[in-house]
Amino acid sequence: LEKVMLQVNDAHITGSGETAFVHQIGEVETGLREGWTYEVDGEFANVGIGQYDLEPPAVVSWSYGQMRSE
């Protein structure tokens, strides 16, 4: 997923591999308690973007809000 996100013009990624982190998408930056999380095919992803291997076809949905982990 990291490779895909690096191609998105309005996304700002810091780190790489296991430390890859979506810091900003568009005008919205990650804050202290809120940030970007994602789901793949409707399932919450509990690993970072540098650790997630996408298998096409896949639908990735991003949302901004309170950070969560499951």
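The values are calculated or read from the model by the stated rules, or taken from the named source; none is laboratory data. Bear in mind that the values here come from a model prediction, so they are computed numbers and not experimental data. Because the Cβ atoms are built from the backbone with ideal geometry, glycine has one as well, and the counts that use them run over all protein chains shown.
Mind checking which residues of segment 16-51 are loosely packed, with under 14 Cβ neighbours inside 10 Å, modelled with pLDDT of 95 or more and of a type in the set (Gly, Ala, Ser)?
Matches in segment 16-51: Ser16, Gly17, Gly26, Gly42.
Would you check if Val60 is modelled with pLDDT of 95 or more and surrounded by 15 or more Cβ atoms within 10 Å (Cβ to Cβ)?
Yes, satisfied.
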